[in-house]
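Inspection log for the structure reproduced underneath, given as structure tokens.
Since every read-out is calculated from the coordinates, none of them should be taken as a lab result. Being a predicted model, the structure only gives us computed values, none of them experimental. Note: ideal-geometry Cβ built from the backbone for every residue, glycine included; neighbour counts use all protein chains shown.
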Amino acid sequence: MNWRSERIWIELITGSRTTSNFCWAFILFLGSLGFLLVGTSSYLGRTLISFVPYQQILFFPQGIVMSFYGIAGLFISSYLWCTICWNVGSGYDRFDRKEGIVCIFRWGFPGKNRRIFLRFLMKDIQSIKIEVKEGIYACRVLSMEIRGHRGIPLTRTDENLTPGEIEQKAVELADFLCVPIELK
């Protein structure tokens, strides 16, 4: 949900709670659990999964490798579930013409720097930049160039906006902030 008036523009940013992250975390959890169960059943000499008889898999080397892949997959799956629970990357962008301030807020990983809050004066914004990288994995990123700082990305790299959508978003934001657009 985004909100816009004559003086204020607030854009909510979706973090790691995306459908694709839920799907990958679930698939990875089930797959790694299966690998771990097959490796464990070959070690114990018992059938833990009915459709994979333990006699067909020797513990050394197949069972050890499958157990290793299962444990590694569970660690990666738990990492994904933690980022989903903490909603890493979510936040908002707030552009306020009345006060002349831009606020960018994002949630990070737990710890000292969990809350990422950046504040700039609107007069320090040099331009809105569109970065386009074409190829197999096309990437279009909208960022804001601030005087004396590096570019601050306003869209996620995996957002997959079409060229028309990113251009429309850049034009609206540049018009709202009264700054030029750069294409890189």
Mean-position separation - Cα centroids, the range 153-177 and the range 86-149, in angstrom: 12
Share of Cα-Cα pairs in the range 65-167 lying beyond 22 Å, as whole percent: 51
For the range 50-58, 3J(HN,Hα) per residue [Karplus equation, 6.51 cos²θ - 1.76 cosθ + 1.60, θ = phi - 60°, Hz, x = Gly/Pro]: 5, 8, 10, x, 5, 5, 7, 10, 6
Environment charge at G100 (Cβ cut-off 10 Å; Lys +1, Arg +1, Asp -1, Glu -1): 0
Distant-in-sequence amide H partners of K129 (H built 1.01 Å from N, under 5 Å): S143, M144, E145, E182
19 Å cut-off, amide nitrogen to a point 7 angstrom out along E134 Cα→Cβ, residues in the range 140-184: 140-142, 160-168, 182-184
Cut-off 15 Å between beta-carbons: net charge of the residues surrounding W9, Lys and Arg +1, Asp and Glu -1: -1
In nm, spacing of pseudo-spin labels at I116 and V171 (7 Å Cα→C-beta vector): 3.0
Contour excess over end-to-end distance, with Cα ends at S20 and R150 and 0.36 nm allotted per residue: 43.8 nm
Estimated distance in nm for a label pair at E159 and F105, the labels positioned 7 Å out from Cα along Cα-to-Cβ: 1.9
Most to least packed among 104-114, 32-42 [average Cβ atoms within 10 Å]: 32-42, 104-114
Rounded tilt (10° steps) of 19-44 against the dominant C-alpha axis of the chain: 20
The range 20-86: Rg to Rh, with Rh as the Kirkwood radius over Cα pairs: 1.08
Degrees, to the nearest 10: 64-86 long Cα axis against longest axis of the chain: 30
Paramagnetic label zone (point 7 Å from Cα along Cα-to-C-beta, L183; backbone N under 15 Å) in the range 140-155: 140-142
Rounded to 10°, Cα long-axis angle of helix 163-177 versus longest principal axis of the chain: 40
Antiparallel %, DSSP beta bridges [both residues in the chain], to 5: 90
